[in-house]
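Below is one structure; the comments refer to it alone.
Rule-based calculations on the coordinates, nothing more; no lab input. Not measured: the values here are computed from a predicted model. Every residue, glycine as well, gets a Cβ built from its backbone with ideal geometry; the counts of neighbours run over all protein chains shown.
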Amino acid sequence: MIDMIFDLEGGTLPAAYPFALWEALLQLVPQLAEEKSVGVLPLRATKEKEGWLISRRSKLALRLPKKSAEHIAARLSGNTVQLGTYSLTLGKYKPREMLPYPTIHAQQVTGASDEVVFMDEIRAQLSEMGIAAMLICGKRGSIGDELISLQGYSLVAHDLKPDASLQLQYAGLGGNRQFGCGIFIPYKVISGLSDD
């Protein structure tokens, strides 16, 4: 897996932009739907009344299988996609390799609404993957709007061995990676933490 990072041009996006963005990407490259591991990282944006405001420095990051990443990125670059009444132009792109950081986090991981049950599910998934990690569950949140939304918790995994860190970044946790869920990125170093 590798992240392909695109320059962006646009202004405001709808509140449920992850869903509209995925549909727009599929129209350009239908094969994206064939890869379960493909992810669209959440955009850095500011919440506004009308939706989300993206800055000039905002980038679109797609987590793609290395074998098809260049082909997919080339097909997307230079296209303008419609997200309802809003438009977003994908500019130049560059690859970004994932590195084995000992502490990584996901903005939102979907799962059970009860935090204790959610953490039990996460530990079970990690156990199946053979990954040992300390976990910190964050706030419950949602993406979307009143018509369509996904619920989940933010999650930090720390004290990861290099191979486990890469494995977790490649595979993610939970579902809905196409909407930005369960995708892990580097997090600032945390020491002296427990998972109590």
Can you work out which of the residues in the range 40-95 that are among the acidic types (D, E) and assigned to a loop (DSSP other than H, G, I, E, B) is farthest from Q169 (Cα to Cα)? E50
Options A20, A15; residue that is part of a helix (DSSP H, G or I), in contact with a strand residue (DSSP E or B) (Cβ under 8 Å, 6 or more places away or on another chain) and touching a residue at least 40 places away in the same chain (Cβ under 8 Å): A20
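Scan Y153, Y187 and give me the residue that is closer than 29 Å to A24 by Cα and out of contact with any Asp or Glu (no Cβ under 6 Å at 6 or more places or on another chain). Before the answer, list the steps.
Numbers: Y187 fails: closer than 29 Å to A24 by Cα.
Matching residue, one of Y153, Y187: Y153.
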Run T85 past the list (1) within 27 Å of L135 (Cβ to Cβ); (2) surrounded by fewer than 13 Cβ atoms within 10 Å (Cβ to Cβ); (3) β-branched (V, I, T) and report the number of the one that doesn't hold. (1)
If I ask for residues that are buried (at least 16 other Cβ atoms within 10 Å of the Cβ) and part of a loop (DSSP other than H, G, I, E, B), which ones from the range 116-158 would you list? I131, A133
Just name the residue that is surrounded by the most Cβ atoms within 10 Å (Cβ to Cβ) out of those in the range 159-177 that are aliphatic (A, V, I, L, M) and touching a Pro at 6+ places or on another chain (Cβ under 6 Å). L160
